[in-house]
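Heads up, the thing below is written out as structure tokens.
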Amino acid sequence: MKIVTTETINDRNITEIKEAIFSEQVLSVNVVKDAISGIKGIFGGKSNSYSEEYAKGRELAINDLQQEAEKIGANAIVGTVIDYNQFVNSDIMLIIVTASGTAVSVQ
């Protein structure tokens, strides 16, 4: 399935616009990873643990969009947007990844 951020797909004609589709993914980040990432942040290092969690959330959201599109008979998604947020309190950090797009049929 073709998934793009643009409104069209090169060399393909959109034959039917199905509907808007959405995905929300919430991941919790391990407290140990938080501590290590915080230490790296102080010294200017890259936090691979956070990067991996965001990538995991993005992959889950895209897979969810694809499944939603397939359920309604679409074979592509255009106008895909992915957004990242986080919720932090003293006990937990949650990474929230939301994705949306328009499910379409293309030739």
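The values are calculated or read from the model by the stated rules, or taken from the named source; none is laboratory data. Just so it is clear, the structure is predicted and the values come from calculations on it, not from any experiment. Please note: Cβ atoms are built from the backbone with ideal geometry, for glycine as well, and neighbour counts cover all protein chains shown. Only protein heavy atoms, including side chains, enter the accessible area calculation; ligands, DNA and RNA are left aside. Shrake-Rupley method; radii C 1.70, N 1.55, O 1.52, S 1.80 Å.
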Of all residues making up the stretch 79-107, the number that are open to solvent by less than 40 Å² (accessible area, probe 1.4 Å), within 25 Å of Thr8 (Cα to Cα) and under 14 Å from the mean Cα position of the chain (by Cα): 6
Residues (under 14 Å from the mean Cα position of the chain (by Cα), polar (S, T, N, Q) and surrounded by 16 or more Cβ atoms within 10 Å (Cβ to Cβ)) located in the stretch 50-78: Gln66
Residues satisfying the stated conditions in the stretch 9-25, i.e. loosely packed, with under 15 Cβ neighbours inside 10 Å and at pLDDT 95 or above: Asn13, Thr15, Glu16, Ile17, Glu19, Ala20, Phe22, Glu24
Conditions (1) outside any loop (DSSP other than H, G, I, E, B); (2) at pLDDT 85 or above; (3) out of contact with any Phe, Trp or Tyr (no Cβ under 7 Å at 6 or more places or on another chain): number failed by Lys33: (2)
